[in-house]
Amino acid sequence: MIRRRSRGFPLWRSPLLTLLLALMVCAPATSANSTVHQDSERQRAFELWEKSNFTESIPILEKIAATKPDVAVLSRLGFALYAASITIQDKNARRKQLDRAREFLLKAQQMGDNSNLTQITLDALSSSDETQIPFSAIQEADAAMREGEAAFVQGELDKALAGYERALKLDPRLYDAALYAGDMYFKKGYVATDLKTKNELLDKAGEWFARAISIDPDRETAYRYWGDALMLQKKTVEARDKFVEAIVAEPYGRRSYVGLTQWADQVGAQLAHPEIKQPPPTMRSSQTGDQTTITIDPKTLNPKQGSANYWSLYDLIRSTYKVASFKKDHPDEQEYRRSLKEEASALTAVAEAASNDLKSGKLKEPDASLSNLIKLWSTGLIESYVLFARASQEIAQDYDPYRRANRPKLKQYWLEYVIKEK
């Protein structure tokens with residue numbers, strides 16, 4: 001699930017509508033609008049920044065930050081320093097610039113900036129400096145990518161696009177080249193004023209994002225960027241699907257959820273996993289050599305105990321699984337760990353027993369937790385629920401093999417159970 005590297009480009013735009021970055025970078029941006037129009041230097045810096053000309057925006061933003069620092073200025077300056085560091089070859093000089101970027105972003109955060117852009121950039125800055133890791137083992141392709149990156153931070157989008165397209169021709173498996181090419185079309189489409197031209201450019205962006213996905217369907221970024229483009233075209237259903245696919249691609253990272261979360265805010269939808277509460281464990285197991293002793297609270301085996309009676313089956317499966325089933329289900333693993341199979345088996349036992357009693361009339365009115373669990377079981381989505389809503393670090397190890405065989409189910413879970421549209 002961990003990518004070889006998590007590059008910082010292009011993070012400049014909002015993961016949803018890109019309603020001008022002011023709306024994403026900080027809530028006070030609208031109150032600063034009058035200042036922007038009155039202060040030509042500030043307005044010029046913001047315009048350069050929004051055109052991705054980070055290099056030229058830096059000295060102006062630094063001047064403003066020295067005299068009139070506010071959230072909008074500090075957050076933009078921090079990100080501009082971060083973005084422009086790609087062009088600095090000297091390792092020590094680049095480290096100093098990255099440290100300054102972090103300093104300004106932390107100040108913005110202290111002043112109330114809770115944007116995804118700032119948080120994601122700070123996350124990237126907390127990791128090691130990866131700007132010198134080659135994009136490609138093919139030297140010419142790597143050089144073309146770096147030419148594209150250098151052009152991008154200067155705001156030269158056509159030149160950047162040419163570099164990325166050339167890199168992909170030289171290395172057809174270079175995900176970043178297709179991704180960044182699509183992002184340049186997105187940026188051009190975002191600023192286009194003619195609707196026909198805008199849609200053509202955004203459609204072109206989608207084509208490039210699709211190429212990136214065909215190279216590596218298990219990276220989230222191209223799905224999320226594609227969702228952004230679709231939102232700009234007001235295709236909210238198609239965008240929702242792409243944002244869900246981003247989560248399915250990489251469910252255990254912060255970035256994957258940004259698109260769907262902001263999509264939900266925009267369309268007024270609610271996001272929530274099914275609520276499944278279970279009572280405290282009623283069994284405990286201990287092992288001495290090859291023998292396992294299970295201690296059971298006999299009251300929970302009484303059907304009159306209601307849902308607790310069914311949840312005792314969960315405890316029973318969990319108590320015996322380590323000895324009875326783990327090696328059979330995971331023959332290549334030497335040490336026991338909590339697994340998807342164990343958790344899903346335990347939940348399935350509860351759901352199946354409750355469902356059978358519901359059909360026979362023994363169970364009259366299951367509580368909300370049992371009802372939700374029965375529904376998940378009847379649609380074959382218990383594993384999806386576990387992987388998204390109950391996954392420990394150990395269970396998460398089973399995600400990749402499950403996804404390879406069950407990608408549609410993982411997407412179905414989000415569409416049918418998590419997303420509640422008005």
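The values are calculated or read from the model by the stated rules, or taken from the named source; none is laboratory data. Just so you know, these numbers come straight off a predicted model, no measurement behind them. All Cβ positions, even for glycine, are placed from backbone atoms using ideal geometry, and neighbour counts span all protein chains on display.
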* What are the pairs, 6+ residues apart or on separate chains, where a residue within segment 216-238 that is buried (at least 19 other Cβ atoms within 10 Å of the Cβ) has its Cβ under 7 Å from a residue that is among the acidic types (Asp, Glu)? -> ARG219/GLU250; GLU220/GLU250; TYR223/GLU245; TYR225/ASP183; LEU230/GLU238
* Structure fact -> Scanning segment 384-406 residue by residue, those over 18 Å from LYS277 (Cβ atoms) and either of a type in the set (Val, Ile, Thr) or without any contact (Cβ under 8 Å) to a residue 12 or more places away in the chain (or both) turn out to be GLN393, ILE395, PRO401, ARG404, ALA405
* Structure fact -> Flagged in segment 375-396 as farther than 14 Å from GLY253 by Cα and part of a loop (DSSP other than H, G, I, E, B), in numbering order, are THR379, GLY380, LEU381, ARG390, GLU394
* To do: Identify the residue in segment 188-215 that is under 19 Å from VAL248 (Cβ atoms) and of a type in the set (Gly, Ala, Ser) and, among all such residues, is surrounded by the fewest Cβ atoms within 10 Å (Cβ to Cβ).
  => SER214
* Structure fact -> When TYR190 is run through (1) among the aromatic types (Phe, Trp, Tyr); (2) at pLDDT 95 or above; (3) assigned to a helix (DSSP H, G or I), the failure sits at (2)
* Asked: In the set ALA72, ALA80, which member is in contact with a Cys (Cβ under 8 Å, 6 or more places away or on another chain) and not polar (S, T, N, Q)?
  -> ALA72
* Hey, can you tell me all the residues within segment 330-371 that are among the acidic types (Asp, Glu) and either surrounded by 15 or more Cβ atoms within 10 Å (Cβ to Cβ) or more than 32 Å from the chain's Cα centre (by Cα) (or both)? => GLU342, GLU343, GLU352, ASP357, GLU365, ASP367
* Are any of the residues in segment 381-392 farther than 25 Å from LYS242 by Cα and not assigned by TED's automatic domain parsing to the domain that holds VAL237? -> yes
* Conditions: (1) free of Cβ contacts under 8 Å to residues at least 40 places away in the same chain; (2) within 16 Å of GLY227 (Cα to Cα); (3) surrounded by 18 or more Cβ atoms within 10 Å (Cβ to Cβ); (4) over 21 Å from the mean Cα position of the chain (by Cα). ASP171 meets all but one. Number of the miss? -> (2)
* To do: Starting from segment 322-339, take each residue that is among the small types (Gly, Ala, Ser) and at pLDDT 90 or above and list its partners that are surrounded by 13 or more Cβ atoms within 10 Å (Cβ to Cβ) and part of a loop (DSSP other than H, G, I, E, B), counting only C-beta distances under 7 angstrom and pairs at least six apart or across chains.
  => SER339/HIS330; SER339/GLU394
* Is at least one residue of segment 68-85 surrounded by fewer than 19 Cβ atoms within 10 Å (Cβ to Cβ) and part of a helix (DSSP H, G or I)? -> no
